[in-house]
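Visitor: Sharing a structure, written as structure tokens. Questions coming.
What follows is calculated from the coordinates using simple rules that are stated; it is not laboratory data. Note that the structure is predicted; figures quoted are calculated from it, not measured. Every residue, glycine among them, receives a Cβ derived from its backbone with ideal geometry; neighbour counts consider all protein chains shown.
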Amino acid sequence: NEVGNLVNEGELFDQLYTYPELLSGLTQIMGTDFKLSELTARETLPVGGMENPKRLSDNLGEVSMQALWLLDDFNEMNGGLAFFPGSQRSDDSGSTASDETLAVPVYAPAGSLILANGRLRRIEPVNQSELNKRVIYANFVSRNQAQGLLQKDFIRLSTFNRVSELAKFILDV
């Protein structure tokens, strides 16, 4: 299950893409030339299937980052996350990154924030637990790149009036 466009869903979500530690990490990697591409949540159901390998950008010339907030513990039983080392330097469409045995698992407690190269292929392995596994993804791209969700077209007036000037800059609205 996936829920998109969390920018319009309240102040709680504003805190995610304006989180000072996140912005510090993004600035160290991307400079100040970034904007939010999209903010989505994903829930993997118990005994759910593995998602196909994906990454934020397939263009080798683009710079992008993903911030992942783990809302639940990500562990061996629920599959955690898995990344394919070196896939950020490849322009393949996933052929070499579809072999789950090449993926490096990532396990972390609820509340963890993971910052990853947006070109790094990732999967959410099969959830073998009896509980849902939830994560929020914030995808960031360079300011000259297209947003996954054009915030100018989708931001509600109430959201625009609520958010700070910093948030408006990050949203590119």
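Visitor: Can you list residues whose amide H is under 5 Å from LEU81's amide H, if they're 5+ apart or on another chain and H is modeled 1.01 Å from N?
Guide: It is VAL106, by chain and number.
Visitor: With θ set to phi - 60° and the Karplus curve 6.51 cos²θ - 1.76 cosθ + 1.60, what are the ³J(HN,Hα) couplings of segment 154-160 in order, to the nearest whole Hz, using x for Gly and Pro?
Guide: Whole-Hz 3J(HN,Hα) from phi for segment 154-160: 10, 5, 7, 4, 4, 5, 4.
Visitor: Enumerate the amide H contacts of ARG121 below 5 Å, restricted to partners 5 or more residues apart or on another chain; note that Pro and chain-start residues carry no placed amide H.
Guide: Long-range HN contacts for ARG121: PHE84, SER87, GLN88.
Visitor: Right, here's the next one. Roughly how big is segment 103-161's charge dipole about its Cα centre, with Cβ charges of +1 (Lys, Arg) and -1 (Asp, Glu), in debye to the nearest 20?
Guide: Roughly 200 debye for segment 103-161.
Visitor: Applying the Karplus parametrisation 6.51 cos²θ - 1.76 cosθ + 1.60 with θ = phi - 60° to the phi angles of segment 2-9, what ³J(HN,Hα) value in whole Hz is obtained for each residue in order, glycine and proline being reported as x?
Guide: Running phi through 6.51 cos²θ - 1.76 cosθ + 1.60 with θ = phi - 60° gives 9, 10, x, 6, 5, 4, 8, 9 Hz.
Visitor: Same structure, new question: If R0 is 35 Å, what FRET efficiency do you get for LEU157 and LEU102 from their C-beta distance, rounded to 0.05? Mind showing how you got there, number by number?
Guide: Details: r = 47 Å, r/R0 = 1.33.
Efficiency for this residue pair is about 0.15.
Visitor: What does the extension gain come out to for GLU43 and GLN28, with contour length at 0.36 nm per residue minus their alpha carbon separation?
Guide: Going from the current span to full extension adds 2.4 nm.
Visitor: Taking θ = phi - 60°, what integer Hz values does the Karplus form 6.51 cos²θ - 1.76 cosθ + 1.60 yield along segment 110-127, in sequence order, with x for Gly and Pro?
Guide: Values per residue, Gly and Pro as x: 3, x, 6, 10, 10, 10, 9, 4, x, 8, 6, 5, 9, 9, 10, x, 3, 7 Hz.
Visitor: State the extension gain, in nm to one decimal, for the chain segment bounded by ASN1 and GLN15, taking 0.36 nm per residue of separation less the distance between their alpha-carbons. Could you put the intermediate results ahead of the total?
Guide: Working: separation 14, 0.36 × 14 = 5.04 nm, distance 2.27 nm.
Difference between extended and current length: 2.8 nm.
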